[in-house]
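The values are calculated or read from the model by the stated rules, or taken from the named source; none is laboratory data. This structure is a prediction, so every number in the text was calculated from the model and none was measured. Reconstructed Cβ throughout: ideal geometry from the backbone, glycine too, with neighbour counts over all protein chains shown. Only protein heavy atoms, including side chains, enter the accessible area calculation; ligands, DNA and RNA are left aside. Shrake-Rupley method; radii C 1.70, N 1.55, O 1.52, S 1.80 Å.
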Amino acid sequence: LEHYSPTQVGMKTLEVNVSDVVAMGAEPELLLLNLVLPGDVEVEWVQEVYRAIRDGCDRHGITLVGGDTTGGPCVMLGATLTGRTEKPVYRSGAKVGDAICVTGDVGAAAAGMKMFLTGQRPEGHVLKQHLEPRCRHDLGPAISRYANSMIDVSDGIAPEVRRICERSEVGAVVDSRKLPILEETTTAAASAGTTGVACALSGGEDFELLFTLPPAAVRELRSAVQDFTVIGGIVDAGKGLHY
């Protein structure tokens with residue numbers, strides 16, 4: 001809470017859960033919110049958290065249907081979000097020959113966190129991506145029509161690719177030179193003693209969509225969605241994982 005405003009706490013609580021639902025090719029529907037509060041939290045702080053969550057629900061078409069509020073030693077928020085789809089996109093659907101793609105840019109949130117941890121104050125896009133991430137509900141429905149597999153980038157590109165490969169029983173080659181990393185992310189990472197590539201591969205909390213689809217579908221998807229980058233390809237399981 002040293003760095004997050006109550007609005008940012010509420011916003012991030014909702015966005016990370018919507019991201020999980022969107023990554024399944026689903027539309028978010030109903031939210032249950034559990035809130036644990038210590039006795040010294042001000043009412044105004046709680047109201048601001050709920051206001052941010054309500055605003056997010058309105059933005060994503062979600063209904064807050066209930067939950068639980070109780071006392072405890074520290075602030076904890078737990079959200080359970082349901083979603084609905086007629087065609088779920090699993091992690092297990094990747095096929096040999098698929099292109100590996102990711103939306104937006106990656107690594108900024110982790111670079112921002114590392115700056116905070118080294119006593120610095122991030123700015124601009126790097127700060128916003130860490131404190132106020134937005135999931136890709138705007139792109140999820142279009143991508144899900146083409147994707148063989150999909151996952152959101154909550155733990156970094158490398159772990160997410162590995163999860164898809166494990167579930168799909170395939171291998172992967174990711175070209176780190178093709179990762180969509182902004183110059184300001186690279187600069188912020190360097191100031192914290194790391195690299196933009198390291199932040200993108202293992203930092204996480206980008207909440208972009210990582211997905212695989214046949215090469216021919218890449219061209220079709222481009223007609224509807226421009227904000228994604230091809231970063232590698234799916235190969236036989238025996239070839240392993242390469243970054």
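Over the chain, with a Gaussian network built from C-alpha contacts below 10 Å, which listed residue (Leu221, Leu33, Leu117) shows the highest mean-square fluctuation?
Residue with maximal mean-square fluctuation among Leu221, Leu33, Leu117: Leu117.
For segment 36-119, which trypsin sites (Lys or Arg not before Pro) are in a loop by DSSP, counting at most 13 other Cβ atoms within 10 Å?
Lys95
Given a 1.4 angstrom probe, I'd like the percentage of the accessible area of segment 197-243 that is carbon and sulfur, rounded to a whole number.
Carbon and sulfur atoms account for 56 percent of the accessible area of segment 197-243.
Dipole of segment 100-238, Cα-centred, from +1 at each Lys and Arg C-beta and -1 at each Asp and Glu C-beta, to the nearest 20 debye?
80 debye
Whenever you get a sec, compute what percent of the accessible area on segment 15-72 sits on carbon and sulfur atoms (1.4 Å probe).
50 percent
Highest GNM mean-square fluctuation, the chain, Cα pairs closer than 10 Å: which of Leu37, Leu14, Leu81?
Most flexible of the set in this elastic network: Leu37.
Take the chain, connect every pair of alpha-carbon atoms lying under 10 Å apart with a spring to form a Gaussian network, then pick out the residue of Asp58, Asp68, Asp175 with the largest mean-square fluctuation.
Asp68
With every protein chain left in place and a probe of 1.4 Å, what is the accessible surface of Thr70, to the nearest 10 Å²?
For Thr70, solvent-accessible area is about 70 Å².
Calculate, for Glu169 and Glu220, the FRET efficiency according to 1/(1 + (r/R0)^6) with r their C-beta to C-beta distance and R0 30 Å; round to the nearest 0.05.
It comes to 0.70.
Within the chain, how many Lys pairs that are eight or more residues apart, or on different chains, come under 26 Å at the alpha-carbon?
Within the chain, the lysine pair count is 9.
Note down the nm distance, to one decimal, between modelled labels 7 Å out along Cα→Cβ at Met76 and at Asp55.
Label at Met76, label at Asp55, 2.8 nm between them.
Between Val43 and Val65, what is 0.36 nm times their sequence separation minus the Cα-Cα distance? Round to one decimal in nm.
Net length gain for the segment: 5.8 nm.
Any chance you could run the full-extension gain for Arg121 through Ala237? It's 0.36 nm times the residue separation minus the Cα-Cα distance, nm to one decimal.
My answer for the length gained is 37.5 nm.
Which semi-axes, in whole Å and largest first, does the equivalent ellipsoid of segment 1-127 have when worked out from the alpha carbon gyration tensor as the square roots of 5 times its eigenvalues?
29, 23, 12
Mean Kyte-Doolittle hydropathy of 1.6 or higher plus an axial Cα length of 18 Å or more: which whole DSSP H helices in the chain meet both?
Qualifying helices: none.
Once you put a point 7 Å from the Cα of Ala190 and another 7 Å from the Cα of Asp227, both along the Cβ direction, what distance in nm separates them?
2.7 nm
In Å², what does the accessible area per residue of the chain work out to with a 1.4 Å probe?
Accessible area per residue, the chain: 47 Å².
What is the P(r) of the chain, as percent of Cα-Cα pairs per 5 Å bin from 0?
1, 7, 14, 16, 17, 16, 13, 9, 5, 2, 1, 0
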